[in-house]
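Since the structure comes first, as C-alpha cells, the remarks are kept for the end.
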Amino acid sequence: MNELTRESTKVVFNQYEHFIIIGLTGRCGSGCSTTRDWLASDKFKPKELLKGSKSNNDYRDLSVLVNYAERKNIFPFTVLKVRDILTSYILDDLEAFLKLLLRNTPLIILKISLIVT
C-alpha cells in the first residue's frame, strides 16, 4: 500500500462519526443484493420500513432506526464491494502481489505465466 492510500485510509477511519459502514453477507438468495440495492436507491423512503412491522416491539425498534436515518439524512448509501477494494490494493502494487503469490503458490504462477506468454 502506498503512502497516499495509507494516509487516506487513516483519515477515513479517524472520521468514523461521519460514516456508517454496513457489511452484508449471506448465502445465495438470502436478500443481501436486494438490501444493498434498496439502501443505495435514492427512491428509498425509511418510513416504508414501519409498514411491515408485525408487533409493537418491531415498530418501536424500527422507528428508532427510521428517525435516526431521516435526521442524519443517510440515504442513499454508496456501495463498496470487497472485491473492488481488494483489486485496488492489488493494482496499487502489482509486483509485490505477484511476488507474494509466487512465494506461496509457485505452480499457480507458473501456469498463469504459461497461459499469458
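What to note about this one:
- Any hit, the range 3-23, residues being in contact (Cβ under 8 Å) with a residue 12 or more places away in the chain and part of a loop (DSSP other than H, G, I, E, B): yes
- Selection within the range 24-62: residues that are β-branched (Val, Ile, Thr) and assigned to a helix (DSSP H, G or I). The member of this set that is farthest from residue 75 (Cα to Cα) is 34.
- The range 17-44: number of residues that are more than 18 Å from the chain's Cα centre (by Cα) and surrounded by 13 or more Cβ atoms within 10 Å (Cβ to Cβ): 1
- Counting residues in the range 51-67 that are surrounded by 13 or more Cβ atoms within 10 Å (Cβ to Cβ), modelled with pLDDT under 80 and within 30 Å of residue 5 (Cβ to Cβ) gives zero.
The values are calculated or read from the model by the stated rules, or taken from the named source; none is laboratory data. The structure presented is a predicted model; accordingly, all values stated were derived computationally and were not measured. Counting neighbours? That spans all protein chains shown, and the Cβs are built from the backbone with ideal geometry, glycine included.
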